[in-house]
Amino acid sequence: MERKSPSYIPVCIVTILLLLSGFISPVFAQSTSQDSASVQEVVRRVRFSNNKNIKSRTLENLVRTRTNREFLGIPRFTPWYFFWNISGGRFGEEPAYLDRQVVANDIERIELYYESLGYLEVSVDTTIAEFKKGRVEVSFIIDEGNPSYVKTLSYSGVPYFSDPELKKRFYLSSPLTRRQLDDSTFTVNRKYNSQELKNEQNRIITFLKNRGYASIERDSVVAFVRTDSSDNYSLDVMFRVVPGKVFKFGDLRISLADPIKPDNYSERDTLSGEPFTADTNKIYLAKEPEANTNFSLLSDQVLFKPGEIYNDELYLQTINEFQNLGMLFTRRFGQNEEGVRPDYTKDEIPVYFELETLVKHNISTEIFGMKRYGFGTGFGIDYSNNNVFGNAERLSVGANASFEYVSASTLEDIAPNDTLQSSLFRSFEVRTDYSVPRIAFPFRFIDNKRFFVNGLTRYSLSYSTSDQLYFDINSDIRFNYRYEVRHNDRFSSFLDLFELDVIDTSPSDEFKNKLIQEYGQNSFEYIRILQDFEPQFSSILRYTLRSQNTNLIKRNFGYFSEYSVALGGNIPYLLDRFVVTPGTIEGSLPSLFGLSNNALNYSQFLKFTTDYRKYIPLSSSATFAWRLFGGYAHIYGESTSIPLNRRFFAGGSNDIRGWAPFQLGPGGIKSEDVAINGGEVKLAAFTETRQIFMRNVLKANWHAAWYIDAGNVWYGPKADFLTQNNQDQLEEGRFRFDNFYKQIAVGTGLGLRLEWEFVVLRFDFTFRAHDLEAGWFNNKKMYFSFGIGHSF
């Protein structure tokens with residue numbers, strides 16, 4: 001970069017992408033001007049010196065002069081290069097030969113990177129030293145200089161708008177601007193950073209494109225930099241904007257066909273006037289009968305009006321609307337019928353969409369074998385229709401059945417003290433799922449509003465029944481009415497308006513006798529287990545907010561967070577109080593449709609969860625990740641416990657490793673003292689460091705991991721079980737602020753990750769650092785767990 005004073009000069013905004021380009025002129029220091037040796041030299045060390053403000057690891061990732069791959073990051077420990085040597089080049093990794101042209105380009109890369117961070121006087125030299133015949137060390141010697149700071153930021157050429165406050169709000173919303181000096185100049189007082197200036201350039205372009213200035217491009221917004229005459233390291237930056245003229249949307253043409261595009265469409269329609277268009281502009285629709293799609297579906301996805309001021313955001317969101325329908329894909333979209341670029345010589349910009357339908361019907365079947373107590377078989381069938389009524393509704397229906405024969409001798413081995421006869425265990429399930437790509441009743445009014453353009457409404461219903469060894473599930477009916485909205489690239493919302501689960505079970509006498517024999521007739525375990533297996537009516541109203549900016553497979557940068565609040569049990573409570581027994585609260589409801597004589601119990605509760613995960617890149621091959629989880633469920637009304645499937649549990653390969661799923665806690669209660677786990681309070685913290693030590697072996701990256709998991713679950717304040725002596729049997733498992741930290745279980749260990757592009761296999765070997773029964777570091781046993789995907 002060349003700087004002149006006092007006049008303004010254009011400055012190229014340098015980005016990382018420019019650093020990676022190959023169009024860089026070679027610049028050689030005096031020490032690198034030697035002729036190439038007849039023997040190819042291998043790079044065994046790459047070093048950086050005097051880089052006080054930029055980490056060497058960052059520069060290592062920037063340059064292209066590198067050594068061979070190092071195992072576990074150990075310097076010069078390159079086993080793949082060793083294998084190449086001893087095999088005569090038949091396998092392993094070819095030596096990392098020295099390329100002086102690449103070294104020269106690396107000098108330019110380093111200088112450009114420093115300049116992009118405000119070190120405008122940086123200079124880089126290099127030395128290449130042969131410390132062994134054919135083995136060299138490449139050193140980059142950096143003189144960083146002093147950083148430059150942006151003192152003020154101003155804007156020139158930004159057009160006027162009818163709302164006089166619009167420009168002012170836009171200026172003040174910049175992450176760079178601080179105190180306003182005049183109409184278009186603001187203080188900044190921060191280190192020069194070309195990426196921040198590039199982001200501001202994009203912000204200006206987006207702002208104007210969404211207000212009619214469709215032809216504005218990067219060349220239309222140029223940053224000029226001037227050095228302060230009194231301070232060579234103080235800069236004034238001005239964005240000069242040439243916006244062009246204001247455009248309107250022209251006519252809109254939408255066509256839909258099957259994979260074979262026709263020469264002439266047989267069905268056409270034209271829309272004009274409010275609420276579809278402004279002025280005399282029109283929407284032209286065309287489709288083939290085989291598309292089985294209503295014209296209204298196509299027009300409903302359009303978020304802009306032909307004839308109105310051009311808005312690039314609405315144009316791009318309309319593209320997403322079509323893609324989110326799920327029953328078609330966009331074959332072509334554009335703003336010019338023949339070419340790629342719009343015709344900016346006219347005042348209106350037409351829009352074109354060519355769409356193609358996907359296969360409407362799909363049927364799949366499966367036959368499987370199974371072994372649980374005996375041997376069995378099963379079969380299933382699924383049907384899906386991705387455009388049921390012509391408005392992109394999706395319907396899927398599935399059913400599966402299984403049969404398992406268990407002989408009398410097998411049953412005797414399983415339960416030698418019970419009188420069980422040979423049995424044929426049967427299970428059956430039928431399910432259906434219906435979804436529409438829009439927000440339906442009662443929130444239809446917010447559909448296609450800002451931040452609600454990607455909505456989905458889903459209705460799910462299932463019915464199942466099965467025979468078990470000690471109890472039968474007479475019926476399990478589930479219904480869910482759910483809204484799913486992707487607000488933007490980071491934020492999504494999920495609202496379960498109705499989530500109902502009616503489960504009707506019949507525990508056998510053998511099951512009850514077995515519990516009495518093991519725990520005693522009036523024991524906590526006996527009563528609690530029977531409560532969990534009693535017929536129940538569960539309902540949930542739940543809202544979940546999810547935010548993320550990470551790759552959900554690799555999880556090597558960014559964050560993931562999820563927060564939810566749920567209200568449970570109110571629907572059966574209202575039915576109990578106002579419908580079944582008006583004015584009287586029984587605490588239970590009769591079996592649905594008279595399927596059995598059992599009464600359905602219910603519980604009322606309020607439940608909160610928070611889950612935050614952070615992924616910090618330590619280098620291009622290492623990541624430090626941490627996670628915090630908290631959950632609390634509060635029982636209210638006449639309820640004394642939360643349904644089994646609504647409690648918090650701890651343990652498992654995706655939770656606190658070293659304990660089996662659901663087998664940790666509650667609190668300090670010993671595992672042999674309580675057979676039913678799960679609680680109303682959960683706290684957990686996790687850390688994991690992952691380091692790639694092998695790349696592209698079996699086409700996967702191999703990670704070594706070290707992790708620490710800590711946490712537990714506890715009973716809440718309302719959960720109680722008193723003995724005949726009025727003693728609380730749950731005291732050791734209850735959450736107490738003065739005691740809970742002593743009941744935190746801790747597991748730590750080492751793991752191996754095999755990471756492919758779309759899947760991660762995980763192997764973990766855990767020791768219980770704090771076993772709640774054995775104490776700190778007294779349990780020497782190792783616990784193995786396997787999982788798919790990173791644990792968090």
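The values are calculated or read from the model by the stated rules, or taken from the named source; none is laboratory data. Given the structure is predicted, the values throughout are model-derived calculations rather than measurements. Virtual Cβ from ideal backbone geometry, glycine too; neighbours counted across all protein chains shown. Note: accessible area is taken over every heavy atom of the protein model, side chains too, but ligands, DNA and RNA are not part of it. Shrake-Rupley method; radii C 1.70, N 1.55, O 1.52, S 1.80 Å.
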Suppose we keep only residues that are assigned to a strand (DSSP E or B) and open to solvent by less than 10 Å² (accessible area, probe 1.4 Å) within the range 704-718. Which one would you say is farthest from Leu772 (Cα to Cα)?
Ala705
Considering only the range 524-605, give the strands (runs of 3 or more DSSP E) lying wholly within it that have at least 2 residues that are surrounded by fewer than 18 Cβ atoms within 10 Å (Cβ to Cβ) and within 34 Å of the chain's Cα centre (by Cα).
536-548, 559-568
Of all residues being assigned to a helix (DSSP H, G or I) and touching a strand residue (DSSP E or B) at 6+ places or on another chain (Cβ under 8 Å) in the range 169-194, which is most open to solvent (accessible area, probe 1.4 Å)? Just the residue, please.
Leu172
Inspect the range 50-68 for any residue being farther than 24 Å from Ser619 by Cβ, open to solvent by 40 Å² or more (accessible area, probe 1.4 Å), modelled with pLDDT of 75 or more and over 37 Å from the mean Cα position of the chain (by Cα) and give the result as yes or no.
no
Can Lys261 be described as under 26 Å from Ala286 (Cα atoms) and either surrounded by fewer than 20 Cβ atoms within 10 Å (Cβ to Cβ) or aliphatic (A, V, I, L, M) (or both)?
yes
The condition of being within 30 Å of Thr187 (Cβ to Cβ), within 37 Å of the chain's Cα centre (by Cα) and not in a strand (DSSP E or B) holds, among Glu121, Glu93, Glu115, only for Glu115
List the residue pairs whose Cβ atoms are under 6 Å apart, where the first residue sits in the range 543-559 and is at negative phi, the second is among the hydrophobic types (A, V, I, L, M, F, W, C) and in a strand (DSSP E or B), and the two are 6 or more positions apart or on different chains.
Tyr543/Leu495; Tyr543/Val565; Thr544/Phe494; Ser547/Phe491; Gln548/Phe560; Thr550/Phe560
Which numbered condition trips up Ala401, out of (1) farther than 18 Å from Leu303 by Cα; (2) loosely packed, with under 14 Cβ neighbours inside 10 Å; (3) modelled with pLDDT of 90 or more?
(2)
I need the full set of residues from the range 238-254 which are open to solvent by 20 Å² or more (accessible area, probe 1.4 Å), assigned to a strand (DSSP E or B) and in contact with a Ser or Thr (Cβ under 9 Å, 6 or more places away or on another chain), in order please.
Met238, Arg240, Asp251
Is it the case that the range 79-94 has a residue that's touching a strand residue (DSSP E or B) at 6+ places or on another chain (Cβ under 9 Å) and farther than 30 Å from Phe224 by Cα?
yes
Only listed residue being under 20 Å from Glu313 (Cβ atoms) and outside any loop (DSSP other than H, G, I, E, B), chosen from Leu235, Leu197, Leu166:
Leu166
Against the definition (open to solvent by 10 Å² or more (accessible area, probe 1.4 Å) and out of contact with any Lys or Arg (no Cβ under 8 Å at 6 or more places or on another chain)), how does Gln201 come out, yes or no?
no
Flagged in the range 109-127 as of a type outside the set (Val, Ile, Thr), within 21 Å of Arg66 (Cβ to Cβ) and open to solvent by less than 10 Å² (accessible area, probe 1.4 Å), in numbering order, are Tyr114
Pair list, Cβ under 8 Å, 6 or more apart: the range 350-361 residue of a type in the set (A, V, I, L, M, F, W, C), other residue assigned to a strand (DSSP E or B) and surrounded by fewer than 16 Cβ atoms within 10 Å (Cβ to Cβ):
Val351/Gly334; Phe353/Thr330; Phe353/Arg332; Leu355/Phe329; Leu355/Thr330; Leu355/Arg331; Leu358/Phe329
What are the pairs, 6+ residues apart or on separate chains, where a residue within the range 268-292 that is open to solvent by less than 20 Å² (accessible area, probe 1.4 Å) has its Cβ under 9 Å from a residue that is at pLDDT below 90?
Ala286/Asn264; Ala291/Asp258
Taking the condition of being in contact with a Lys or Arg (Cβ under 6 Å, 6 or more places away or on another chain), open to solvent by 60 Å² or more (accessible area, probe 1.4 Å) and at pLDDT below 90, how many residues in the range 611-627 meet it?
0
Subset of the range 312-346, residues over 18 Å from Ala278 (Cβ atoms) and open to solvent by 80 Å² or more (accessible area, probe 1.4 Å), comes to Leu316, Gln323, Asn324, Phe329, Phe333, Glu337, Glu338, Val340, Arg341, Thr345
Taking Phe247 and the conditions (1) touching a Phe, Trp or Tyr at 6+ places or on another chain (Cβ under 9 Å); (2) over 21 Å from Glu313 (Cα atoms), which numbered condition does it fall short on, given that it satisfies the others?
(2)
Could you grab me the full set of residues in the range 128-156 that are open to solvent by 40 Å² or more (accessible area, probe 1.4 Å), more than 11 Å from Arg45 (Cα to Cα) and touching a Lys or Arg at 6+ places or on another chain (Cβ under 6 Å)?
Tyr149, Ser156
Got a number for residues in the range 210-244 being touching an Asp or Glu at 6+ places or on another chain (Cβ under 8 Å) and closer than 30 Å to Asn281 by Cα?
2
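A quick yes/no check of all residues on (1) under 19 Å from Ile540 (Cα atoms); (2) part of a strand (DSSP E or B); (3) open to solvent by 50 Å² or more (accessible area, probe 1.4 Å):
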| position | (1), (2), (3) |
| --- | --- |
| Ser464 | no, yes, no |
| Asp472 | no, yes, yes |
| Ile477 | yes, yes, no |
| Leu495 | yes, yes, no |
If you scan the range 205-228, which residues turn out to be surrounded by fewer than 20 Cβ atoms within 10 Å (Cβ to Cβ), in contact with a strand residue (DSSP E or B) (Cβ under 9 Å, 6 or more places away or on another chain) and assigned to a helix (DSSP H, G or I)?
Ile205, Ser220
When you scan the range 107-130, how many residues do you find that are out of contact with any Phe, Trp or Tyr (no Cβ under 7 Å at 6 or more places or on another chain) and without any contact (Cβ under 8 Å) to a residue 60 or more places away in the chain?
4
Total residues in the range 293-311, condition open to solvent by 30 Å² or more (accessible area, probe 1.4 Å) and assigned to a helix (DSSP H, G or I):
3
Return only the number of the condition from (1) at pLDDT 95 or above; (2) under 30 Å from Asn189 (Cα atoms) that Gly250 does not satisfy.
(2)
Select from the range 513-558 the residues that are out of contact with any strand residue (DSSP E or B) (no Cβ under 8 Å at 6 or more places or on another chain) and closer than 22 Å to Trp626 by Cβ and list them in ascending order.
Asn551
When the range 423-451 is examined, which residues are found to be open to solvent by 60 Å² or more (accessible area, probe 1.4 Å) and in a loop (DSSP other than H, G, I, E, B)?
Phe441, Phe443, Lys449, Arg450, Phe451
Among the residues of the range 95-108, is any surrounded by 17 or more Cβ atoms within 10 Å (Cβ to Cβ), farther than 21 Å from Ala223 by Cβ and of a type in the set (S, T, N, Q)?
yes
